[in-house]
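The values are calculated or read from the model by the stated rules, or taken from the named source; none is laboratory data. None of these values were measured; they are calculated from a predicted model. Here the Cβ is made from the backbone with ideal geometry for all residues, glycine too, and neighbour counts use every protein chain on show. When the accessible area is computed, the model is the full protein with side chains, heavy atoms only, and any ligands, DNA or RNA have been set aside. Shrake-Rupley method; radii C 1.70, N 1.55, O 1.52, S 1.80 Å.
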Amino acid sequence: MKILVLGGAGYIGSHTVYSLIEQGSEVVVFDNFETGHIEAVHPEAKLYKGDLRNRAEIDEVLDKEKNIDAVIHFAANSLVGESMIKPLKYYDNNLCGTKVLLESLVEHGIKNIVFSSTAATYGEPLHTPILEDDPTNPTNCYGETKKAMERMFYWTEIAYGLKYVSLRYFNACGAHISGKIGEAHNPETHLIPIILQAANGTRDHISIFGTDYNTPDGTCIRDYIHVTDLAQAHILAVKYLLDGGKSDIFNLGNGVGFSVKEVIETARKVTGKEIKAIEEARRAGDPAVLIASSDKAKKILGWKPEYDDLSTIIKTAWKWHSTHPDGYATK
Ligand code: UFG
């Protein structure tokens, strides 16, 4: 397969590029490096630097690269907190970028696309686990832009026949088994990398945001899914579309929830470090429990997460964070 990966230098994008190449695909990466890292791009991928909002830059790739079987689209801003302070940045990059992309894909006759969506499309869940046809009422602008992207793809298919799969990730985490690439956001806001920064000494402590939730230990429960399992779901989704599958939306999670305190405790065991934790007030907008039902992805795409154990997930993340305390700045 020849696959164009938009945002292939980012966290989930770079892991998907590694999996694609390991499984024999030809990969073209397009990234504007606003949040991506050049060191994360697989050396065998063909790289173009460009921004989706610039029609000429994406046209150039599609003009030059013939016979692309499918596109995988990760190129977006994805921080919940930032999206509340800078909503227009999210509309501009996530929606205006996707609109320009879709115009170019339609013009170039591309027929299949798989793209990143999120659990944030659901908002406060009605029940656990969350199913794909549950109501989507995002409580933040990031989730709102992803929901709008899904609708943009829906109407584009009706008009132009471009088929899509939308993958709604729950809490992406972990790192490539080799330790060569991993999670490196700046600023970092996610739980597991922050815990491991407290373990590797680049941070003093982890703050626990809220201990008064209606959960067994009072801290929030999330469904942590390994980035390589997410990568595999993208590959399966591409194959599903190429085999004639219809456009659809799938949740991706492990179906098991862990509390913030359980994650910290597991990280202490994995790393052998004390990891100082300080209990603080709730972070605005955090639902108490988010757990996916991924039965649909398992049944229709044949997806089977390999890293379904939290210790193993944290071990892979620790391999990256213990050897790259400053992220990609550490060679
Ligand atoms: N948390 C802490 N301390 C920290 C960081 C996080 O206690 O320093 C807690 C959060 O309050 C939350 C849990 O750890 O309860 C997980 O937080 P993350 O920031 O790691 O992840 P979120 O669940 O907030 O966000 C994830 C994805 C988003 C996606 C969202 C969907 O990262 O992209 O799920 O709800 F939008």
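Sparsely packed loop sites in segment 248-331 (the GluC sites (Glu not before Pro) outside DSSP H, G, I, E and B with at most 16 other Cβ atoms within 10 Å) comprise Glu274, Glu306.
Taking every DSSP helix (H) stretch of at least 4 residues in the chain, weighting each as -39,500 (n - 2.57) and dividing the sum by the residue count yields a mean residue ellipticity at 222 nm of -10500 deg cm²/dmol.
Please list Thr323, Thr316 from largest to smallest accessible area, probe radius 1.4 Å, with all protein chains kept in place.
Values: Thr323 75, Thr316 10 Å².
Ranking Thr323, Thr316 by accessible area, largest first, yields Thr323, Thr316.
Here the Karplus curve 6.51 cos²θ - 1.76 cosθ + 1.60, taken at θ = phi - 60°, turns the phi angles of segment 262-275 into couplings of 5, 5, 4, 4, 5, 5, 4, 5, 5, 8, x, 9, 5, 6 Hz, with x standing for Gly and Pro. Amide H contacts of Ile130: Ile291, Ala292, Ser293, each under 5 Å away and 5 or more positions distant or on a separate chain (H built 1.01 Å from N in the peptide plane; Pro and chain starts excluded).
Each residue of segment 197-206 was assigned a 3J(HN,Hα) from its phi angle through the Karplus expression (A = 6.51, B = -1.76, C = 1.60, θ = phi - 60°), giving 6, 5, 6, 8, x, 7, 9, 6, 7, 9 Hz with x at Gly and Pro.
The calculated FRET efficiency for Glu280 paired with Thr202, based on their beta-carbon distance and R0 = 22 Å, is about 0.70.
Projecting the alpha carbon convex hull of segment 221-331 along each direction and taking the average yields 9.3 nm². What a 1.4 Å probe finds exposed on the chain is 52% carbon and sulfur by accessible area, rounded to a whole percent. The largest accessible area among Met1, Met152, Met84 belongs to the first residue in Met84, Met1, Met152, and the rest follow in falling order (1.4 Å probe, all chains). Express as a percent, rounded to the nearest 5, the fraction of DSSP beta bridges in the chain (both residues included) that run antiparallel. Antiparallel: roughly 5 percent of the beta bridges in the chain.
Accessible surface calculations at 1.4 Å, restricted to protein heavy atoms, place the chain at 43 Å² per residue. Check the straight Cα-Cα distances from Lys298 and name the lysines below 18 Å, setting aside those fewer than 8 residues away within the same chain. Within the straight-line cut-off, Lys298 pairs with Lys239, Lys246. Shown in residue order for segment 134-140 are the 3J(HN,Hα) couplings computed by the Karplus curve 6.51 cos²θ - 1.76 cosθ + 1.60 at θ = phi - 60°: 5, x, 10, 10, x, 9, 9 Hz (x for Gly and Pro).
Lys296 sits among other residues whose Cβ lies under 9 Å from its own Cβ, and their net charge, with Lys and Arg +1 and Asp and Glu -1, is -1.
For Cys220, the residues whose amide H sits under 5 Å from its own are Val260, ignoring neighbours fewer than 5 places away on the same chain, with H placed 1.01 Å from N.
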